[in-house]
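The values are calculated or read from the model by the stated rules, or taken from the named source; none is laboratory data. Everything numeric here is computed off the predicted structure, so don't read it as measured data. When we count neighbours, we look across all protein chains shown, and the Cβ atoms used for this are built from the backbone with ideal geometry, even at glycine. Side chains are part of the model used for accessible areas, which takes the heavy atoms of the whole protein and leaves out ligands, DNA and RNA. Shrake-Rupley method; radii C 1.70, N 1.55, O 1.52, S 1.80 Å.
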Amino acid sequence: MRHRIAVVGSGPAGLTFARVLHRHGYPVAVLERDPAPDARPPGGTLDLREGLGQLALDKAGLLAEFQALSRPEGQAMRILDVDGTVLRDWRPRPDEQANPEIDRGQLRDLLLGPLDVRWGQSVTQVVPGTRDGALVHFADGRQEAFDLVVGADGAWSRIRPAVSSVTPHYTGVTSVEASLDDVDTRHPDLARLVGDGSVAVYGVNRALVAQRNSGGHVKVYVQFRAPLDWHTNLDLADVEAARSSLLALFDGWAAPVLDLLRRSTAFVHRPLYVLPVSHTWAHVLGVTLLGDAAHLMPPLGAGANLAMLEGAELAESIATGPGDLDEIVRAFEERMWARAARWAKITTAGLDRLVSPDPSEALALFDQVQPS
């Protein structure tokens, strides 16, 4: 007898979970509040790692398609001093496939494939333990019961309260995201500065990173330590005001680096929140979490990879493993908690070093991860 299963959220975690179930012929309801796949900008680029995100795609039968879309050259990393001096310039070997990049929109479309997502389905809460199972409440007043509801709905999950009272807390580091379009034609000097992958500059308690996406698009990320309300008197929708404020924060940095801000558009505030490093919960029948909903951590390349692998592993266990559904979920949670705690410790320590009073910590971290 097939169980009634729903996953809330159509990010990498939810879609990977659904796609692996679909591969095994197992029905799943994908519930997504956005009205369509392209209702919001998909975000920047992701590096999918061997043994994590790539393993998840292999379980979904999508690894070859990913390799055709991905950009191995996007692994390149250049680090500059604030005066523009090149400190590191690492470029991958032609056959380097450890962490190739793929745009989030491309990954979303790859995972969507044949899935029948229920768009515009805004979930407000899930109530476990009812006579019919876990009861999903929708914003329009409807209710629907499932044997298992998987919360893959991100940092501010509506499903998390069913298993945990913990909420994300601010790290003390804020981020502002901006963009450059058609960079190779309109800004060839900045295209050369960024190269095929990323360029990063680290100063005292602040950093500026520019990362190439496909199609000549570059994302620029400004990170700095500040109170959560640092922008109270600043209208970030006012592009010129936002630009002037950020340029003041980086006063004295090399002109080519500051040009990444001078020519960027659409500044978006993204303060960095996390869940406790070892976030766990007392198991609840009929409800579990994946990805950021379960273990929100600093965005240093691990979160999406972990989320995808978790989705793939849980789906594979449900579709192919013998045993009671609840026992399968219990065993999955124990594995997830242990692995996520290790990565949360790594990424939390990494953020402390990348946005640090001592910029040499960022360089040392790079040398540990990718020796020059």
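Between the alpha-carbon centres of segment 52-68 and segment 185-204 there is a gap of 29 Å. All C-alpha pair distances within segment 96-139, sorted into 5 Å bins from zero, spread as 5, 15, 12, 14, 14, 14, 10, 8, 5, 2, 0 percent across the bins.
In the chain, helices alone account for a calculated mean residue ellipticity at 222 nm of -10000 deg cm²/dmol, with every DSSP H run of four or more residues adding -39,500 (n - 2.57).
Simple spin-label estimate for Trp156 and Arg118 gives 2.3 nm between the two label positions (7 Å along the Cα-to-Cβ direction from each Cα).
Spin-label pair Ala36-Asp352: with each label point 7 Å from Cα along the Cα-Cβ axis, the two points sit 4.6 nm from one another.
Note on segment 1-97: Kirkwood radius taken over Cα pairs, Stokes-Einstein applied at 10 °C and 1.306 mPa s, translational D equal to 97 µm² s⁻¹. Once the GluC sites (Glu not before Pro) in DSSP loops with at most 14 neighbouring Cβ atoms within 10 Å are cut out of the chain, the longest remaining piece is 97-372. If you plug the beta carbon distance of Asp324 and Ser278 into 1/(1 + (r/R0)^6) with R0 = 25 Å, you get a FRET efficiency near 0.40.
Taking 0.36 nm per residue of sequence separation and removing the Cα-Cα distance, the Leu228/Gln368 pair yields an extension gain of 47.3 nm. If you wrap the tightest convex hull around every Cα atom of segment 167-209 and split its volume per residue, you get 103 Å³.
Along its principal axes, segment 1-58 has C-alpha extents of 40, 32, 13 angstrom, given from the largest down.
Assuming R0 = 35 Å, can you tell me the calculated FRET efficiency for the pair Asp259 and Arg342, based on Cβ-Cβ distance, to the nearest 0.05? So the FRET efficiency works out to roughly 0.35. When both segment 324-372 and segment 276-308 are represented by their alpha-carbon centers, they are found 12 Å apart. When the chain is described by a simple charge dipole with +1 on each Lys and Arg Cβ and -1 on each Asp and Glu Cβ, the residue from Pro100, Leu193, Val136 located farthest towards its positive end is Val136. Anything in the chain that counts as a DSSP H helix reaching 20 Å or more along its axis (C-alpha) with Kyte-Doolittle mean of at least 0.5? List them, would you? Span-like helices, by this rule, are 303-320. Compactness check for segment 187-233: Cα Rg over 2.2 N^0.38 Å is 1.40.
Between Ala241 and His137, the modelled label-to-label distance comes to 3.8 nm, taking each label 7 Å out from Cα in the direction of the beta carbon. In a fully extended conformation the segment linking Ser165 and Arg91 would gain 22.2 nm over its present Cα-Cα distance, using 0.36 nm per residue. Residue ranking by accessible heavy-atom surface, 1.4 Å probe, largest first, among Thr232, Thr130 comes out as Thr232, Thr130.
Once the Cα gyration tensor of segment 230-372 is diagonalised, what are the square roots of 5 times its eigenvalues, in whole Å and ordered largest first, as equivalent ellipsoid semi-axes?
The answer is 40, 19, 13 Å, longest axis first.
Quarter the surface of the alpha carbon convex hull of the chain and you get the mean projected area, 18.6 square nanometres.
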